[in-house]
Every structure is written in structure tokens, then in C-alpha cells.
């Protein structure tokens, strides 16, 4: 199964309004299996360097995946917070992953990049929620 970004939303930002320098916004990513209905929620902070400089004391936790830079786990760092750039960054991460045999493997692979709605569930609870059965 191949993950696909289906939607991005935020209760704090409409996705169109220009945000001032020094901003950070929390977003909900709906990611599901390509070509199928449904999605799981992943949350991610998207911040600019001015916000990072004021709020992140330990910048040694920063990392990059290709051309996508993170100020820490689940904090995407962009020069300007724009929906087009956010979609490009998320799709770049998803394209690097490729296909997965198991959706849980995908969710666990996303841990550095976003907070998955099922992060706190154990594998037994997740299997029950998804309708999977164990042998």
C-alpha cells in the first residue's frame, strides 16, 4: 500500500492568509492509502526559522530528509509557511517511503515527521480498531 496525502487542515490557519515572520502553526494531515477512501490523522507543527530561533534552545535535534528540514520531531521548518511548500514537503517525505506491506509500519515510520493519531495505542488495540486479527 502506498501512502497519499489526502488533505491538510488547521483550526489556527486557513491555509491562504500570509503568516507573519516568527510563526508556527499546528496542522492536521489526512494520510491514507492511495486510491482508497479513508485516512488517518497525523499532526505536525510548521514553523519558520525566526520562530525556531526564539523557541528551540537545542538545535542539535534538527534533521533533514532530502531537501525537507525539521527543527525537531514533528516540527517542519520552512523559510515561509505557505500551503504549496507544506504539501511539497509532505509529499516529498511520502515519496521517499514508497509502498508498505502494513499500515502500522507506515504509521511507525512517520514518528519522526508527525504525530500519528494511533501513536499511543498498543499493537493489539490498533489491530482491533482496524479490524485486523492476529493469528
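The values are calculated or read from the model by the stated rules, or taken from the named source; none is laboratory data. Quick caveat: nothing in here was measured; it's all calculated off a predicted structure. Note that each Cβ is placed from the backbone with ideal geometry, even for glycine, and that neighbours are counted across all protein chains shown.
The table for this structure:
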{"item": "Test: residue in region 116-125 that is modelled with pLDDT of 90 or more, within 21 Å of residue 1 (Cα to Cα) and surrounded by 12 or more Cβ atoms within 10 Å (Cβ to Cβ)", "result": "yes"}
{"item": "Count - residues of region 51-86 that are surrounded by 14 or more Cβ atoms within 10 Å (Cβ to Cβ) and either assigned to a loop (DSSP other than H, G, I, E, B) or more than 15 Å from the chain's Cα centre (by Cα) (or both)", "result": "9"}
{"item": "Odd one out for residue 94 among (1) surrounded by 12 or more Cβ atoms within 10 Å (Cβ to Cβ); (2) over 19 Å from residue 25 (Cα atoms); (3) free of Cβ contacts under 8 Å to residues at least 24 places away in the same chain", "result": "(3)"}
{"item": "Residue within region 27-49 that is farther than 20 Å from residue 8 by Cα, in contact with a strand residue (DSSP E or B) (Cβ under 8 Å, 6 or more places away or on another chain), surrounded by 14 or more Cβ atoms within 10 Å (Cβ to Cβ) and modelled with pLDDT of 95 or more present", "result": "yes"}
{"item": "Leading residue by the ranking (surrounded by the most Cβ atoms within 10 Å (Cβ to Cβ)) among those in region 12-26 that are in contact with a strand residue (DSSP E or B) (Cβ under 9 Å, 6 or more places away or on another chain) and either free of Cβ contacts under 8 Å to residues at least 12 places away in the same chain or part of a strand (DSSP E or B) (or both)", "result": "24"}
{"item": "Residue in region 27-49 that is more than 25 Å from residue 120 (Cα to Cα) and outside any loop (DSSP other than H, G, I, E, B) present", "result": "yes"}
{"item": "Unmet criterion (only one of (1) within 13 Å of the chain's Cα centre (by Cα); (2) under 20 Å from residue 72 (Cβ atoms); (3) assigned to a helix (DSSP H, G or I)) for residue 111", "result": "(3)"}
